[in-house]
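Report on the following structure.
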Amino acid sequence: MMAEQFSDTSLDPSVRGFLHRPDTEARDGLVLTHGAGGNSRGPLLTALAEAFCGHGLLVLRCDLPFRQARSFGPPRPGDAARDRQGLKHAVLAIHKLAPGRVFLGGQSYGGRQASMLCADELGLVGGLLLLSYPLHAPGRPDQLRTQHLPKLNLPVLVVQGTKDPFGSIEEIQSALKLIPGRTKLLTVDDAGHDLGFKGKSRNEALPEKILSEFGNFFS
């Protein structure tokens with residue numbers, strides 16, 4: 001199951017990334033995107049895409065518009081709205097290829113933008129997969145990024161490390177209570193914000209664990 005480069009420049013912002021097609025015709029699809037310092041080639045996104053594709057989902061791991069414009073560096077304050085629009089275009093592109101449900105997943109900044117998009121676009125996707133949700137900046141627990149959560153009327157699965165400085169397990173649990181949709185928290189013991197995927201380090205068991213939880217939660 002080799003990933004193929006995917007691009008749709010008919011939209012602005014355009015959609016760019018890598019498409020994983022399962023061996024059999026897929027009904028459901030999943031869009032995955034990266035954090036502020038990464039891109040669609042990140043090891044966690046790649047491992048997840050391979051795992052989900054191996055179980056029959058069509059998966060697109062895509063570069064957010066800020067990353068399409070700049071190959072390195074974090075997003076700028078004015079990038080967020082355009083990044084959300086880019087995610088919407090990615091979801092619509094996969095809707096054309098998968099006749100069933102389409103899910104949206106994001107790591108850190110990408111997950112935050114995905115959740116904000118879904119708060120404003122009810123019915124766009126069948127559910128959210130949030131990896132290391134950045135509930136607050138490290139050391140700033142008083143500045144919570146929760147304003148949009150009461151508008152998330154859809155199922156949300158969150159994967160969070162127990163040592164994540166962007167949000168403790170207790171803080172994440174409290175935040176999930178603000179969401180009217182169904183929620184589930186999958187904790188990863190002793191993992192930080194990278195969930196055990198940093199440099200050459202790989203939490204090899206995590207993709208299948210997330211896949212299993214995803215299958216049970218969204219069945």
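The values are calculated or read from the model by the stated rules, or taken from the named source; none is laboratory data. Please read all numbers here as calculations on a predicted model, not as lab measurements. Glycine gets a Cβ as well: all are built from the backbone with ideal geometry, and neighbour counts include every protein chain shown.
Here are some notes:
- Among the residues examined, R61 does not qualify as part of a loop (DSSP other than H, G, I, E, B), under 22 Å from G126 (Cα atoms) and in contact (Cβ under 8 Å) with a residue 24 or more places away in the chain.
- Tally, over the stretch 105-114, of residues that are over 15 Å from Q85 (Cβ atoms) and small (G, A, S): 3
- Restricting the stretch 68-87 to residues that are basic (K, R) and in a loop (DSSP other than H, G, I, E, B) leaves a set whose member that is surrounded by the fewest Cβ atoms within 10 Å (Cβ to Cβ) is R76.
- Of all residues in the stretch 1-54, those satisfying the criterion of being under 23 Å from P65 (Cβ atoms), in contact (Cβ under 8 Å) with a residue 40 or more places away in the chain, in a loop (DSSP other than H, G, I, E, B) and not small (G, A, S) are L11, P13, H34.
- Scanning the stretch 6-27 for residues that are within 16 Å of the chain's Cα centre (by Cα) and not aliphatic (A, V, I, L, M) turns up R16, G17, F18, H20.
- Subset of the stretch 199-210 (residues that are surrounded by fewer than 16 Cβ atoms within 10 Å (Cβ to Cβ) and within 22 Å of I172 (Cα to Cα)): K209
- The stretch 1-26, residues that are under 18 Å from G105 (Cβ atoms) and modelled with pLDDT of 95 or more: F6, V15, R16, G17, F18, L19, H20, R21, P22
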